[in-house]
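Q: Let me give you the structure first, and then I'll get to my questions.
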Amino acid sequence: MAIVLAALTAVAMMVFPGAPAGAVTVDAHCLGGFSRNFSPAITVTPQTVTVSGTYDYGTCLVGATATGSESVTLSLGCVPVTAGPAFTETVTWHDATGGTSTIDWAAPTIAGQTVVYTGTVTAGRHAGDTATKVTSGTSYLGSVVGCLLGTPISDTTGLVDSFLLTH
């Protein structure tokens, strides 16, 4: 019996550990949506395109609501769907404290319509935090067939499934 209790205690400590001195603190955890504009519009032939993105972090489980913006220039065509380069996003917080955060995102990882971003808050509010964002591009992949048939893609929309800042 003592062995069973010791084993259960060990498992419970792995699943529900106490808060050690270096415990992770969540500064923001939000959901929302995003939109991106492509200039010029994406076509079958790859070309240099400026992508301007806006994010609405409008539902927050922890922290204040916020909006974000980013712009990056890269070569794009309808296919292949590429992950894109690293980029910087400026987040504006919408509460009494206000302020902005600058997040340097690494090149994202794509799995189907899900895109995972990891980065660091390099300046402003929550500087030093680790940043993670997961999005679902609900309109881009649906536009690829039309693009291959000659209809350029000038904008896309999607969901921010998770925007998380921790330290």
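None of the figures in this text is laboratory data; all of them are computed from the coordinates on show. Just so it is clear, the model here is predicted, and its values are computed rather than measured. Cβ sites come from the backbone with ideal geometry, for glycine too, and all protein chains shown count toward neighbours.
Q: Please state the shape class of region 55-143: rounded when a/c is under 1.5, otherwise prolate if a/b exceeds b/c and oblate if not, all from the C-alpha gyration tensor.
A: prolate
Q: Under a Cβ-only charge scheme (Lys and Arg +1, Asp and Glu -1), can you give me the dipole magnitude of the chain about the Cα centre, in debye to the nearest 20?
A: My answer is approximately 200 debye.
Q: Spit out the partnerless Cys residues in the chain, using Cβ distances under 4.7 Å as the pairing rule.
A: none
Q: Which whole-number percent gives the relative contact order of the chain, counting Cα pairs below 8 Å spaced six or more residues apart?
A: Relative contact order for the chain comes out at 24 percent.
Q: Given labels modelled 7 Å from the Cα in the Cβ direction, how far is it in nm from residue 159 to residue 71?
A: Result: 3.0 nm between the two label points.
Q: Using modelled backbone amide H atoms (1.01 Å from N, in-plane), which distant-in-sequence or interchain residues come within less than 5 Å of residue 107's amide H?
A: Result for residue 107 returns 86.
Q: Between 0 and 90 degrees, rounded to the nearest ten: what's the tilt of helix 2-15 against the longest Cα principal axis of the chain?
A: It works out to around 30 degrees.
Q: Also, quick follow-up: ³J(HN,Hα) across region 51-65 via Karplus (A = 6.51, B = -1.76, C = 1.60, θ = phi - 60°), whole Hz, x for Gly/Pro?
A: 9, 10, x, 10, 10, 10, 8, x, 10, 10, 7, 9, x, 7, 5
Q: A follow-up question, please. Could you check the simple spin-label distance between residue 41 and residue 106, using points 7 Å along Cα→Cβ, in nm with one decimal?
A: The two pseudo-label positions are separated by 3.6 nm.
Q: Using amide H atoms built in the peptide plane, which far-off residues or other-chain residues are under 5 Å from residue 129 H to H?
A: Amide H to amide H, under 5 Å and 5 or more residues apart or across chains, residue 129 pairs with 121.
Q: Where the eigenvalues come from the Cα gyration tensor of region 81-123, what are the semi-axes √(5λ) of the equivalent ellipsoid, largest first, in whole Å?
A: Its equivalent ellipsoid spans semi-axes of 25, 11, 7 Å.
Q: Tell me, what ³J(HN,Hα) does each residue in region 119-133 have, in order and in whole Hz, if you take phi through Karplus 6.51 cos²θ - 1.76 cosθ + 1.60 with θ = phi - 60° and put x for Gly and Pro?
A: x, 9, 7, 9, 7, x, 4, 6, 3, x, 5, 8, 10, 9, 9
Q: Taking amide H positions as placed in the peptide plane 1.01 Å from N, state which residues far from residue 65 in sequence (5 or more) or on other chains have amide H under 5 Å from it.
A: It is 94, by chain and number.
Q: Another question, then. What translational diffusion coefficient, in µm²/s and rounded to a whole number, does the Stokes-Einstein relation yield for region 97-164 at 20 °C and a viscosity of 1.002 mPa s, taking the hydrodynamic radius as the Kirkwood radius over Cα pairs?
A: It diffuses with D of about 156 µm²/s by this estimate.
Q: Using the basic label-point model (7 angstrom from Cα toward the beta carbon), what is the residue 139 to residue 86 distance in nanometres?
A: Once both label points are built, they end up 3.0 nm from each other.
Q: Let me ask another. In whole Hz, with x marking every Gly and Pro, tabulate ³J(HN,Hα) for region 26-32 from phi via Karplus 6.51 cos²θ - 1.76 cosθ + 1.60, θ = phi - 60°.
A: These are the phi-based 3J(HN,Hα) values: 8, 8, 7, 9, 10, 10, x Hz.
Q: Percent of Cα-Cα pairs more than 28 Å apart in the chain, please.
A: Percent of Cα pairs beyond 28 Å in the chain: 35.
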